[in-house]
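Okay, so here's the structure we're looking at.
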Amino acid sequence: MDRRSVLKVAGAVTAAATALVALPRVAFAAYSDNAFKQKAGADALQNAFGASATTPSDQVKLKAPDIAENGAVVPVEVETDMEAESIAILIKENPSPLALTADIPAGTKALVKTRCRMGKTTQVTAVVKSGGKLYTASKEVKVTIGGCGG
Amino acid sequence: MKKIIRNVAFGLLGLSVSAASVAGPAEDRSAFQKFYENRFPDTPLEDFQNGVYSILPSAREQWEAIEEFPPYELAIERGEEIYKKTFANGKSLASCFGEDGAVREQYPHWNKERGMVMTMELAINECLEANGEKPLKYKKGAMADVSAYMSYNSRGQRINVEIPSDDPRALAAYEMGKEQFYTKRGQLNFACADCHMHTAGMMYRADTTSPALGHATSWPVFRSKWQSMGTLHRRFAGCHNNIRANPYKAQGEEYRNLEYFVSYMSNGLEYNGPAARK
Amino acid sequence: MSSIRIKAKDRKGLVDVKCLMKHDMETGLRKDKSGKKIPEHWIQDVTAEANGQVVFSCAFNTSISKDPYLAFAFAGKKGDSLKISWKDNTGATDSAETKVK
Amino acid sequence: MKQGLKVIALGLALATPLAFAGNGTTAEHIEAATAAYKQVAKETGYQWTVTVSTIKAAQKALDSGDDQGARKLAHQAMDLVEATRTQAKLESESWKMRVPK
């Protein structure tokens, strides 16, 4: 399914806006303080995606360790088979929770892998924007400090 | 933690079968490798070269994610540059170690003429100095980068350290390394063998200790903790610091002999450095 | 030499991209040896273009680790020209280009 | 854990005749601890970081005019040296029982 067809259901009122979105897009995932400096995840999502209501979904696949080997480099992977427009990663306990937003143009797989910093044990949430709605998967990553440092 | 220590103590009592060790290096090695095979029956011998990841599946997944694009690749690039750089006298490190420096399997080795253990890092500096260049610091930076380049080109070579029987000083160096490995040190009163043999795979505070079998295979290493590359002797020093023992000098006799012993114990495994560690 | 290393491989019509960008990603929370705060300095935007078309873009906070790693996949093929560029909060930019293998 | 170590250290210290009595200036006590540390390190190869830091702390206390505190630290350092010596002595034989057969 072409995910632009999803937009058609938005109706005539928003036809103009839909047309805009459907144009070949240029880097939608641009950084903005408005989203990335927010202290609350919901505010960050609102400013990044224009929505903050989220629905947990088992179609959102979040891969992150149960116990981080090192909080400075925690591998995180988000993937979904849904028709995704965007992906975001939230790290709840970090000073500003929104860590990453990615724009997924047509033809690009809804997948992103990166490595994140986590200051302490935290909930990590993967957000997938699909059809204008936000779907999530969350898990707790334990961050331990102090061991055989060296 | 206290309980662990107590358990260790019991374990040790059980082990003290006969006090005197009359066995030679070959017997030592086979008992050493047997120990880990019995301790970690699910880990194939080959896999011990992957350190703690050979026994800890949850950490292994994260390690594999890091290995998708390991941070040491940048070190290999830097190392190649240093390796190929022309000295003031027109030569380069390649004049000492060949075009690609794939000589990892030659180290550590016993140098009979000089009566000492030679390591790759020591040989790199001796090459530099013999050609009128400034030596590098042993623990990190350029030395770790060059070593990373040479180790990378040597991947797949087998560890085959020899203790020549025609030179009693070689055996003495091996014995010194062995004693280092098994003696308790520092205020915390730990031997290498306590954490990395008899309680390998158990938790010390937030960390699981790695098996010593395979300890010498994967250097130099990019440690997330360091956020940089480091050599084996940097890690030795870090471990000693952890147990509150004053570390010895990198490339001093103590650590070279310890490297000699630890490498010999891992004979048969592959050199697979550089590597990423937590 | 560019701060960006790219590996891009065609796997049956889907190009697997892995890249590592050398950058300190200072959070602004760390202090130097004299106790002075090190100012924040991080990559904000990353854009990937294949044959001139944007195929992936993302924005980072300082929660992304030092020397950021990024992997994604897009519909493409061997021989495509892939360009990845970043821009940090000081306005500095860098880019690298490679052919899909 | 810490307490356990303290007990061990105390035990070791008590089991060993203290190397020096209460005479002499504090500076001399610090010097004696330093010399003893170096001697044990040279003779046995056993050297503890805490001894070094305790000696440093003693010197610092002395420099700041805290004679009593400095003296106490110097004695602590000497106890640590004695514990190190005991460790070396015990270990010179007992390590063999850790070697797998």
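The values are calculated or read from the model by the stated rules, or taken from the named source; none is laboratory data. The shown structure was predicted, so the numbers you read here are calculated from the model rather than taken from an experiment. Every residue, glycine as well, gets a Cβ built from its backbone with ideal geometry; the counts of neighbours run over all protein chains shown. Heads up: the accessible areas ignore ligands, DNA and RNA and are worked out on the full protein's heavy atoms, side chains in. Shrake-Rupley method; radii C 1.70, N 1.55, O 1.52, S 1.80 Å.
Summary of computed values
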{"read-out": "Residue list for region B:151-163, filter: farther than 27 Å from B:GLU37 by Cβ and either in contact (Cβ under 8 Å) with a residue 60 or more places away in the chain or in contact with a strand residue (DSSP E or B) (Cβ under 8 Å, 6 or more places away or on another chain) (or both)", "value": "B:TYR152"}
{"read-out": "Positions within region B:235-269 being among the charged types (D, E, K, R) and within 18 Å of B:THR119 (Cβ to Cβ), in sequence order", "value": "B:ARG235, B:LYS249, B:GLU253, B:GLU254, B:ARG256, B:GLU259"}
{"read-out": "Residues (crowded, with 21+ Cβ neighbours inside 10 Å and of a type outside the set (Gly, Ala, Ser)) located in region A:55-78", "value": "A:VAL60, A:GLU69, A:ASN70, A:VAL73, A:VAL74, A:PRO75, A:VAL76, A:VAL78"}
{"read-out": "Those residues of region B:191-206 which are open to solvent by less than 20 Å² (accessible area, probe 1.4 Å) and not polar (S, T, N, Q), in sequence order", "value": "B:ALA191, B:ALA193, B:ASP194, B:CYS195, B:MET197, B:ALA200, B:TYR204"}
{"read-out": "Candidate set from region A:100-116 (those that are over 18 Å from C:CYS19 (Cα atoms) and either within 7 Å of chain C (Cβ to nearest Cβ) or surrounded by 20 or more Cβ atoms within 10 Å (Cβ to Cβ) (or both)); member that is modelled with the highest pLDDT", "value": "A:PRO105"}
{"read-out": "Of residues in region D:62-83 being part of a helix (DSSP H, G or I) and over 13 Å from D:ALA33 (Cβ atoms), the one least open to solvent (accessible area, probe 1.4 Å)", "value": "D:GLY69"}
{"read-out": "Output for region A:30-61, where each listed residue is in contact with a strand residue (DSSP E or B) (Cβ under 7 Å, 6 or more places away or on another chain), in contact (Cβ under 8 Å) with a residue 12 or more places away in the chain and either of a type in the set (Ser, Thr, Tyr) or not assigned by TED's automatic domain parsing to the domain that holds A:PRO97 (or both)", "value": "A:THR54, A:THR55, A:SER57"}
{"read-out": "Yes/no for A:VAL124 being within 9 Å of chain B (Cβ to nearest Cβ), in contact (Cβ under 8 Å) with a residue 60 or more places away in the chain and either closer than 25 Å to C:LYS12 by Cα or buried (at least 23 other Cβ atoms within 10 Å of the Cβ) (or both)", "value": "no"}
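Here is a yes/no grid of residues against (1) within 12 Å of chain A (Cβ to nearest Cβ); (2) in contact (Cβ under 8 Å) with a residue 12 or more places away in the chain; (3) open to solvent by less than 10 Å² (accessible area, probe 1.4 Å):
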| site | (1), (2), (3) |
| --- | --- |
| B:GLU179 | no, no, no |
| B:LYS184 | no, no, no |
| B:ASN189 | no, yes, no |
| B:THR208 | yes, yes, no |
| B:GLY214 | no, yes, yes |
| B:LYS225 | yes, yes, no |
| B:GLY230 | yes, yes, yes |
